1. Could you compute how fast segment B:265-358 diffuses translationally, taking Rh as the Kirkwood radius over C-alpha pairs and applying Stokes-Einstein at 20 °C with viscosity 1.002 mPa s? Give it in µm² per second.
2. Choose one answer from A:Gly188, A:Gly158, A:Gly219: the residue with the largest mean-square fluctuation in a GNM of chain A with alpha-carbon springs under 10 Å.
3. In what order do A:Ser175, B:Ser159, B:Ser186, A:Ser17 fall by count of nearby beta-carbon atoms within 10 Å, going from fewest to most?
4. Mind sorting B:Glu97, A:Glu187, B:Glu112 by how few other Cβ atoms lie within 10 Å of their own Cβ, fewest first?
5. For chain B, what is the charge dipole size about the Cα centre, in debye to the nearest 20, if Lys and Arg each add +1 at the Cβ and Asp and Glu each add -1 at the Cβ?
6. Taking segment A:136-251, how much of its Cα-Cα pair set, in percent, is spaced more than 24 angstrom apart?
7. So what is the diffusion coefficient of segment A:25-102 in µm² per second by Stokes-Einstein at 4 °C and 1.567 mPa s, using a Kirkwood Rh over Cα pairs?
8. What Kirkwood hydrodynamic radius, in Å, does the protein assembly as shown give when the mean of 1/r is taken over all pairs of distinct Cα atoms and then inverted?
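Derivation of every value follows stated rules applied to the coordinates shown; laboratory data play no part. Here the structure is a predicted model, which is why all the values come from computation and not from measurement. A quick note on method: Cβ atoms are made from the backbone with ideal geometry, for glycine too, and the neighbour counts reach across all protein chains shown.
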Amino acid sequence: MWDKIKNYVTDSQVWKSVIRHGYPDTRRNRVLVVLTNVFLHLHPTKVPAHSLKLSYTWCMGGLTFFLFLVETLTGVLLMFYYRPVGEYAYNDILALREHVPLGIMREIHRWGAHAMVITVWLHMLRVFLTGSYKPPREFNWGVGVILLTLTLLLSFTGYLLPWDQLAIWAITVGSNMARATPFVGHEGPGSKLLNPGLLGMEDIPLIHATDDARFVLLGGPFVGEATLLRFYVLHCVFIPLAAATLIAVHFWRVRKDGGISSPTDDFSQKPL
Amino acid sequence: MIETLKHCINALAAPTIFLPLVAAAFFLVLHFYRTITRPKVALGILIGAILFYVVSLFDPNFQHIVAKPDNVPITIMLLLCGFCVWLALRQAAINDERMERGLPPLEKESSETIFVWPDLVYIEFLSAILVGVILTLWSIELKAPLEQPASPFKAPNPSKAPWYFLGLQEMLVYFDPWLAGVVFPSLIISGLISIPYMDTNPRGSGYYSFKQRRMSITIYLFGFLFLWVTLIMLGTFFRGPNWNFFGPYEFWDVHKVEPLVNINLSEIIYVKLLHTGMPAHWLPREIWGLLLVGFYLFALPPILQKTVLKKFYAEMGFVRYNVFMMHFLMMMMLPLKMICRWMFNLKYFVAVTEFFFNI
C-alpha cells in the first residue's frame with residue numbers, strides 16, 4: 001500500500017519535473033543530487049577525505065557564508081520597520097525593542113554581524129596556516145582580502161543606523177581618519193600643496209572641510225542626517241551587492257583552482 | 001591580599017609591561033610550539049584563563065567593561081583565536097614530527113575521496129543549525145545595546161570606534177591619523193593581497209606545518225595576534241576616559257591625569273643635546289628625523305640585501321624583495337615607535353606640523 005502511494009507520487013510528471021534522480025543511496029544518484037541542484041552544485045560531487053575534518057577547515061568559510069545569509073534575511077526584515085531619517089531612525093529602533101514581544105531580529109542581526117567579522121578573520125587564519133593561498137590560489141586569496149574589507153565596511157556602515165550615541169560617536173571616531181588622508185583630506189599631509197597659491201589665491205584652499213575625503217564619505221562636514229542615508233544605502237544595497245558578486249567569484253574560483261587545498265606530493269624536508 | 005593582587009595585575013596590564021610580555025609570550029609559544037601545544041599543557045592554559053576570567057568577574061570594574069553587550073564578542077573572539085591557533089599549531093607539531101620521520105602529513109594519510117552527498121552536506125547542515133541555535137540563544141540572552149538618541153553635541157568620553165577597528169584607534173596613541181587611519185590600513189590590505197606573490201616557498205601547501213614555513217607564519221601571526229588582536233583587546237578593555245590607560249580592576253576615573261611628557265626627536269636633538277634652541281625653518285629642524293626615517297625605509301633594504309639577506313634576496317628577486325621589505329618595515333614601525341615612546345618619551349620622529357606631516 002505504502003509502496004503503491006510512493007511510486008504513484010515519484011512516478012508522476014510533477015515529481016519527475018522537479019527531482020531528476022532517484023533516492024540518493026546509490027553512487028549514481030548521489031552524484032546526481034549535487035549535479036542537478038543549483039545550490040548544491042557549488043560543490044564538486046566528491047571531495048578529499050581530509051577536507052571533511054573539522055580540524056582542517058574549522059568550517060569557518062562556510063559559517064561566514066551562512067552568517068552572510070542570516071544577515072541578509074534579518075536585514076530585509078528589519079528594513080520593513082526602519083526609516084533612515086533623523087526623526088524616525090532612533091524611534092523605529094526603540095519601537096523594535098519596546099513594541100515587539102520577544103523580538104530578537106535586531107539582536108540576531110547585530111550579534112550575527114559581530115560573529116561574521118570573527119569567522120572571516122578565523123577563515124583567513126586557517127587559509128594562511130594551511131598555506132592554501134599558494135599557487136594556483138593566489139588570486140582567490142586576494143578576492144578573500146577584499147571580501148574581508150567589505151565585511152568590515154558592512155559592519156561599520158551598519159553601526160551608524162540605530163542612530164544613538166554609541167552609533168554616531170563610533171562613526172565619528174572612525175571617519176575622522178578620512179580628514180587626514182594624504183592630499184585629499186583637509187588635515188592630511190600634502191593637502192596644502194594642492195592650493196592654487198600660484199594664482200594668488202592662497203587664502204582660498206582647494207581642499208577644505210567641506211570638500212575633502214571625509215566630506216565625500218559622510219555627505220557633510222560631520223556625521224549628520226546625510227550620513228545616515230548614505231550609510232543606509234551603502235549598508236543595504238551597495239556593499240551587499242558587491243560582496244555577493246565577489247562571493248560568487250570566490251566560490252567559483254575555489255572550484256576552478258582545484259577545490260579545497262590538499263597536500264602536494266612534495267612535502268619533503270630537504271631544502272629546495 | 002586580594003587588593004594587592006589586583007594592584008599587581010593592574011600594574012602588569014600597563015602597555016609598557018603588558019605588550020612586551022605578550023610579545024615575549026608570543027615568541028616563546030612559537031619557539032616551544034611542540035611542547036606548549038600538548039593537550040595537557042594547552043588545557044592547563046585554557047583552564048587558567050577561564051578561571052582568571054570567572055574570578056575576575058567578581059570585581060565590579062572588570063565586570064562593567066567585559067559585560068558590555070558590544071564587548072562580549074571580543075571575549076568570544078579571544079577564546080576562539082586562542083583555540084584556533086592552538087589547533088593549527090598542534091597539527092603543525094604532529095605533522096612536523098611525522099615528516100621528520102619520513103611520513104607524510106596527516107592530511108595525506110588517506111587519498112580517498114568522499115561523496116559530497118550526504119557527508120559534506122550533512123556537516124554543513126549541522127554546523128549551520130548549531131550556529132543558528134547559538135546565535136538565537138545569544139540574542140535571547142543579550143539585548144542589542146541602544147543608548148541615548150544621537151547628539152552631535154555630547155561626545156561620550158571615551159569615544160570609541162567599533163571594536164574591530166580599535167587596533168587602529170590604539171595606533172593613534174603612537175601615530176597621527178594619516179598614518180594610523182589611512183596609510184597603515186591601506187598597507188594592511190595591499191600587504192595581505194601580496195602575500196601569495198611574496199611567499200616563494202612552495203612547501204607547506206594543503207597541510208599544517210610550522211617547521212617548513214617558520215618565517216611566513218611568524219610574521220603573519222605576529223601581525224594578526226600581536227598588532228591586531230592584542231591591540232583590540234588593549235583598546236577595548238584597558239582604555240578609558242581621555243584614552244588613558246586603566247588596569248582591568250581599576251575604576252574609569254574621568255579625572256585621572258597623565259602628564260604629557262612626550263617630545264619630538266628635533267627637541268631631543270636641539271634642546272636636550274645641543275642646547276641651541278629650535279631652528280625657525282622646518283627643514284633644518286626636522287632634517288635629522290627625515291634622514292632617520294629615510295634611512296629606515298629606503299637605505300635599509302639595499303644594505304640588507306647586500307649583507308644579511310643576500311640569500312633571501314637571491315631567492316626573491318628585485319620586485320618581490322622590495323615589496324616585501326616595504327610592507328615589513330612599515331609594519332615594524334609600530335613596535336619600533338612603541339619602544340621609542342616607552343624608552344625616550346618620543347612623540348614624533350618627524351614633526352612638520354606645518355603640513356600635518358608627522359611620523
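1. On the way: Rh = 15.0 Å.
In µm²/s, the coefficient rounds to 143.
2. In this elastic network of chain A, the residue with the biggest mean-square fluctuation among A:Gly188, A:Gly158, A:Gly219 is A:Gly188.
3. Working: A:Ser175 21, B:Ser159 18, B:Ser186 11, A:Ser17 8.
If I rank by nearby Cβ atoms, fewest first, I get A:Ser17, B:Ser186, B:Ser159, A:Ser175.
4. Numbers: B:Glu97 12, A:Glu187 18, B:Glu112 9.
Sorted ascending by nearby Cβ count, the order is B:Glu112, B:Glu97, A:Glu187.
5. On the way: 27 positive and 23 negative charges, 186 e Å.
Dipole magnitude for chain B comes out near 900 debye.
6. Numbers: 2810 of 6670 pairs.
For segment A:136-251, the fraction of Cα-Cα distances above 24 Å is 42 percent.
7. On the way: Rh = 16.6 Å.
Calculated translational D: 78 µm²/s.
8. 27.5
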